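Shown next, in structure tokens, is the structure this report addresses.
The values are calculated or read from the model by the stated rules, or taken from the named source; none is laboratory data. Since we're looking at a predicted model, the values are computed, not measured. Because the Cβ atoms are built from the backbone with ideal geometry, glycine has one as well, and the counts that use them run over all protein chains shown. To get the accessible areas, we keep the full protein, side chains included, count just its heavy atoms, and leave off ligands, DNA and RNA. Shrake-Rupley method; radii C 1.70, N 1.55, O 1.52, S 1.80 Å.
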Amino acid sequence: MEARTLLTSAYAIPVVGLLVLAGLFSNARPALADCPLPPGLTPPEDPRVTARQVEDGSASLMDFVLAVKDHPELGQVSASLHRMLHLGCLFRQEGGPYRSGSTYLIQLTPDGRLSAHAKNMSLSGRLLDPLVYGAILQALGINPADLTDRAAALAAFAAAVAGDGGPFNVPDVPGASGYAAAIVSPSFQTPIVLLAGFDLNESHVVEEVIDYGDPTITARDVVDRETLKAFVTQAGERFREISQSGDPAAFYKARNAMRDPNGPWRHGSVYLYILDLTSNIITFHGAFPDRFELRPLIATVRDVVTGELILPQVIEAAKSNPEGGFVEYYFDDPTDDTDSADIPKVGYAREFTGELILGGRQVPLHFIIGSGFYGSAPVVSTGPRTEVEVTVLGDAVEGLTVEFSRSTSGRGADYAWRAFTDANGQASLTIPGARVSGIYKARARNAAGETVGQWHSIPLNRNRRQVLRLTLGGGARVVRSQPLASAKPLASAGGLAPGAPNPFNNSTLITYRLSSPGAMKLVIYNIMGQPVRTLVDETRGAGTYQVEWDARDEGGALLSTGVYIAHLSHPGGGQSQRLLYLK
């Protein structure tokens with residue numbers, strides 16, 4: 001429960017500043033060159049005392065904190081967004097003048113919330129233990145009782161700013177010691193408390209009652225593009241509404257709510273991120289704040305298949321339509337077991353504008369909010385879904401890309417689900433989602449990307465396995481439809497296991513399972529859908545098999561670096577898997 005309320009509305013902390021300060025630091029260790037100087041600004045001088053000097057014993061914590069407090073650039077930190085971002089980037093750099101080893105800066109708002117933590121960004125927005133914050137206020141010469149009245153609080157912080165601060169220590173709370181000083185932004189009259197030497201961790205913050213809102217689609221509900229779009233849209237509207245409220249406490253609580261893995265805004269690999277288009281940085285990341293918050297867009301992660309930066313693609317998708325847009329990329333996060341470079345992540349992002357209320361002032365708000373989920377996986381989902389078996393009839397039906405799109409009146413086709421046909425024109429795919437039932441359209445494309453077949457008005461129903469016959473001339477027929485409960489699941493009919501290693505640079509071992517004997521074929525295709533190597537083409541008994549592929553074609557020539565598709569066709573259906581070959 002909430003421990004207290006101190007100045008939750010007495011100070012209108014600039015929300016533009018909060019967007020940055022709450023995401024100011026990271027545990028990453030970027031090079032100093034990662035902080036490019038914004039146009040029109042001169043390079044700031046290093047403080048007269050650096051964190052490195054504290055670490056080597058040639059200066060004290062007091063010397064360091066007061067040097068930062070007196071730095072001529074810091075007084076302008078809330079006056080210029082670009083200057084704030086640049087200085088914030090410098091603050092978080094390990095080995096730089098503001099952070100070295102165990103010496104780094106922590107910033108607090110007047111009500112005792114963490115607005116910046118160099119060592120643990122996931123704590124930003126949390127409320128400090130009242131006992132610990134009381135000791136910090138005493139070190140500043142402030143009586144906590146004065147903070148319930150705006151006029152008295154302004155006078156108390158003004159006196160603290162005029163002084164040198166002091167050391168604090170809470171004997172009964174392990175690690176709760178350090179040096180504190182206060183500054184006030186001349187532009188917004190906003191007090192900021194600077195701390196150093198404080199190993200602030202989870203034990204020093206308190207739990208609060210957080211209003212999660214009442215989203216109609218939660219992160220757990222995101223199973224397809226429709227639910228992803230609804231999830232992101234309502235998150236953006238909520239974030240904009242809270243930002244316009246001018247209540248810093250509500251703003252911080254919203255960030256904490258969106259990070260909570262047990263709340264409605266984060267579940268597994270589904271989480272939110274916010275990109276500020278004024279500063280072109282990531283201001284919020286629901287899953288990995290230490291790694292991504294306050295990172296320039298150009299310095300973030302790349303698609304592991306194409307090598308392209310992901311966030312510029314996200315921005316382009318968001319700007320493509322007033323209602324936002326989708327983007328697909330391959331992202332393998334080693335800290336998240338739910339992420340996989342074998343499975344494309346489908347992202348959706350939307351651009352929002354509005355106004356921030358800052359102490360009676362209105363400041364333009366311009367941001368993109370996005371999220372994503374993993375699409376077709378090698379193992380078929382056990383959640384709500386439709387399993388589709390397709391046979392394409394006609395000439396040259398091997399190696400076609402068969403794609404399905406929900407057919408919605410007034411909207412263009414969005415071919416989100418796809419599979420590759422085998423030599424018999426057969427392919428299998430799964431369309432997940434609680435709202436999968438409806439009318440679909442489909443198309444088939446050849447290796448050159450040309451559309452060679454199109455079909456309309458295909459009825460698909462939730463939790464059923466449906467067998468389709470599609471002729472290249474345009475005919476479509478549902479041959480069989482049965483409940484999944486009575487149908488043989490696609491996954492149990494055999495299939496591919498993830499290739500190992502993947503990505504690979506010499507060879508990869510492909511494992512597949514057959515649940516019943518019969519003819520099977522394992523073919524490697526290039527990204528254009530052209531077959532480059534047949535690894536297996538024979539009748540085999542039920543069991544698990546392995547075959548090694550050395551990135552060579554049928555003639556034994558070594559293929560070029562890129563993405564290849566391993567497609568297995570067997571008595572139970574077909575399955576595809578992407579492989580990334582890196583020389």
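Determine the dipole magnitude for the stretch 192-247: charges of +1 sit on the beta-carbon of Lys and Arg, -1 on that of Asp and Glu, nothing else is charged, the reference point is the Cα centre, and the result goes in debye to the nearest 20. Mind dumping the intermediate values first?
On the way: 5 positive and 12 negative charges, 63 e Å.
Approximately 300 debye in magnitude.
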About the Cα centre, charge dipole magnitude for the stretch 109-247 (Lys/Arg +1, Asp/Glu -1 at Cβ), debye: 400
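Which value, in debye to the nearest 20, gives the size of the charge dipole of the stretch 171-222 about its Cα centre, when Lys and Arg are +1 and Asp and Glu are -1 at the Cβ?
Details: 1 positive and 8 negative charges, 60 e Å.
Here the size comes out at about 280 debye.
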For the stretch 204-297, just say rounded, prolate or oblate: build the C-alpha gyration tensor, square-root its eigenvalues into a ≥ b ≥ c, call rounded for a/c under 1.5, and beyond that prolate if a/b exceeds b/c, oblate if not. rounded
Positive dipole terminus of the stretch 138-292, leading residue within I142, P261, A182 (C-beta point charges): P261
Which of rounded, prolate or oblate describes the stretch 139-273 when judged by the alpha-carbon gyration tensor and an a/c cut-off of 1.5? prolate
Give me the accessible area of W417, 1.4 Å probe, in Å² rounded to the nearest 10. 30
Which order do D414, D537 take by accessible area at a 1.4 Å probe, largest first? D537, D414
Which trypsin sites (Lys or Arg not before Pro) from the stretch 380-478 combine a DSSP loop assignment with at most 12 other Cβ atoms within 10 Å? R411
In the stretch 403-458, if the dipole is taken from +1 on Lys/Arg beta carbons and -1 on Asp/Glu beta carbons about the Cα centre, which of P432, S409, T421 is farthest to the positive end? S409
